[in-house]
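Asks: Here it is: the structure, laid out below.
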Amino acid sequence: MRTTAFGPGKVIVLGEHGVVYGHPALAGPISRGVRAWAEPSERTQLELPDALTDSQRDALERAFARAAKKVKHPKVSIHVESDLPPSMGLGSSGALAVAIARVLLPPVTKAREVENLALEMEREFHGTPSGVDHTTSARGELILFQRGRAKVVTCPRPLKVLVAIAGKRGPTKVTVGALRERQARWPARYKRLFVEIASVVKDGAAAIRAGELESLGDAMNVNQGLLSALGLSSPPIEELVYRLRAMGAYGAKLTGAGGDGGAVIALFPEPEHAVVKLRAAGVDCFTSQLAGPRTL
Ligand code: PMV
């Protein structure tokens, strides 16, 4: 058994929500994530991290029990540490599920088995997850994801995003559930929006493969408009999106479930200058490279 493992968080570059209905999404791993450590113990147990709400604690305990049962209760005690803010759209539960699955399973386990065990845990957190979060974390590469399948998307140029937090938001389960009710009530109208999002995802994937970052940025802006039409944006998100575009971003949009706040991503040729400015103005933000050649 491995003694330590990492599960990266993720950003959805294009296609959140549509992916729940079987449409494609583009998502990449970020530098922040969850690390898990396992050490021998009398019984299988998870040391719960501090600073969790009661409901997060309950969900984590149930998810861990579900995974431990699947792998027949190995005698280990697992400790986790995360530098991802929970419930912000950065895939903290998927990253946690992958880190824990990696230390619960033998080191030679196939990637697919890690993904299956992580999915068991994700079901406890999200109800009906599309699977994009834990798959992106487990693959560790920018992927085009659809109905459980993932294709790696490469970029000839460094593809870096700025990730900024627009404030607190509700749980993914609640936002996804409320959208499900709206689309069940007015299916034709909502289907048109999901189909349009799927086209934008395909355009975005082609732009990445060609290294056309301005075209990708434009696809992100259009996707943001469509997410707003789906009722998933809010004043704190819009304010940050417009601020980032005014700072020179090729594109900016919410990432993840959206709602009252959460994470926003922006595509800049060189995001580092914008990070310095935003931090000085008190905005919680960082950069991450999703694909392309890495400079040392
Ligand atoms: O906000 P997050 O990190 O939980 O991402 C949710 C992404 C959705 O597409 C809205 C849901 C899903 O299961 O894919």
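The values are calculated or read from the model by the stated rules, or taken from the named source; none is laboratory data. Since we're looking at a predicted model, the values are computed, not measured. A quick note on method: Cβ atoms are made from the backbone with ideal geometry, for glycine too, and the neighbour counts reach across all protein chains shown. In case anyone asks, the SASA skips ligands and DNA or RNA and just uses the protein heavy atoms, side chains included. Shrake-Rupley method; radii C 1.70, N 1.55, O 1.52, S 1.80 Å.
Asks: Taking the condition part of a loop (DSSP other than H, G, I, E, B), under 18 Å from the mean Cα position of the chain (by Cα) and at pLDDT 95 or above, does Gly258 pass?
Replies: yes
Asks: Let me ask something else about it. Would you check if there is a residue in segment 247-258 being open to solvent by 10 Å² or more (accessible area, probe 1.4 Å), out of contact with any strand residue (DSSP E or B) (no Cβ under 7 Å at 6 or more places or on another chain) and under 24 Å from Pro156 (Cβ atoms)?
Replies: yes
Asks: Can you tell me which residue among Leu144, Leu90 is in the same structural domain as Ala25 (by TED's automatic domain parsing) and open to solvent by less than 10 Å² (accessible area, probe 1.4 Å)?
Replies: Leu90
Asks: (1) within 22 Å of Gly9 (Cβ to Cβ); (2) open to solvent by less than 70 Å² (accessible area, probe 1.4 Å): which one isn't true of Glu272, the others all being true?
Replies: Evaluating Glu272 over (1) within 22 Å of Gly9 (Cβ to Cβ); (2) open to solvent by less than 70 Å² (accessible area, probe 1.4 Å) leaves (2) as the failure.
Asks: Suppose we filter Val132, Val195 for residues that are among the β-branched types (Val, Ile, Thr) and under 20 Å from the mean Cα position of the chain (by Cα); which single one remains?
Replies: Val132
Asks: Okay, next question. Residue by residue through segment 158-195, note down the ones that are more than 16 Å from the ligand (Cβ to nearest atom) and without any contact (Cβ under 8 Å) to a residue 40 or more places away in the chain.
Replies: Of everything in segment 158-195, those that are more than 16 Å from the ligand (Cβ to nearest atom) and without any contact (Cβ under 8 Å) to a residue 40 or more places away in the chain turn out to be Ala184, Arg185, Trp186, Pro187, Ala188, Arg189, Lys191, Arg192.
Asks: Output the number of residues of segment 196-216 satisfying the condition of being open to solvent by 20 Å² or more (accessible area, probe 1.4 Å) and either within 16 Å of the ligand (Cβ to nearest atom) or of a type in the set (D, E, K, R) (or both).
Replies: Count: 6.
Asks: Only one of these conditions is not met by Ala252: (1) in a helix (DSSP H, G or I); (2) more than 16 Å from the ligand (Cβ to nearest atom). Which number is it?
Replies: (1)
Asks: Can you report the number of residues in segment 224-240 which are touching a residue at least 24 places away in the same chain (Cβ under 8 Å) and either basic (Lys, Arg) or over 19 Å from Ala188 (Cα atoms) (or both)?
Replies: Residues meeting the conditions: 7.
Asks: Is there a residue being within 28 Å of Leu290 (Cβ to Cβ), open to solvent by 30 Å² or more (accessible area, probe 1.4 Å) and within 13 Å of the ligand (Cβ to nearest atom) anywhere in segment 111-120?
Replies: Taking every residue of segment 111-120 in turn, at least one turns out to be within 28 Å of Leu290 (Cβ to Cβ), open to solvent by 30 Å² or more (accessible area, probe 1.4 Å) and within 13 Å of the ligand (Cβ to nearest atom).
Asks: Take Ala27 and tell me if it is modelled with pLDDT of 95 or more, within 16 Å of the ligand (Cβ to nearest atom) and either within 22 Å of the chain's Cα centre (by Cα) or within 30 Å of Leu290 (Cα to Cα) (or both).
Replies: Yes, satisfied.
Asks: Just checking, which of Phe125, Phe145 is within 12 Å of the ligand (Cβ to nearest atom), within 15 Å of the chain's Cα centre (by Cα) and at pLDDT 95 or above?
Replies: Phe145
Asks: If you check every pair at least six apart or on different chains, which have Cβ atoms under 9 Å apart with a residue in segment 264-275 that is part of a helix (DSSP H, G or I) first and a residue that is buried (at least 17 other Cβ atoms within 10 Å of the Cβ) and among the hydroxyl-bearing types (Ser, Thr, Tyr) second?
Replies: Here the result reads Glu272/Thr287; Ala274/Thr287; Val275/Thr287, each pair linking segment 264-275 to a residue that is buried (at least 17 other Cβ atoms within 10 Å of the Cβ) and among the hydroxyl-bearing types (Ser, Thr, Tyr).
A quick yes/no check of all residues on (1) surrounded by 13 or more Cβ atoms within 10 Å (Cβ to Cβ); (2) of a type in the set (A, V, I, L, M, F, W, C); (3) part of a helix (DSSP H, G or I):
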| position | (1), (2), (3) |
| --- | --- |
| Phe125 | yes, yes, yes |
| Pro129 | yes, no, no |
| Thr136 | yes, no, yes |
| Arg157 | yes, no, no |
| Ala164 | yes, yes, no |
| Gly170 | yes, no, no |
| Thr175 | yes, no, yes |
| Arg182 | yes, no, yes |
| Arg189 | no, no, yes |
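Asks: Quick check on segment 278-295. Is at least one of its residues part of a helix (DSSP H, G or I), away from the ligand (no atom under 16 Å from the Cβ), surrounded by fewer than 18 Cβ atoms within 10 Å (Cβ to Cβ) and modelled with pLDDT of 95 or more?
Replies: Yes, segment 278-295 has at least one match.
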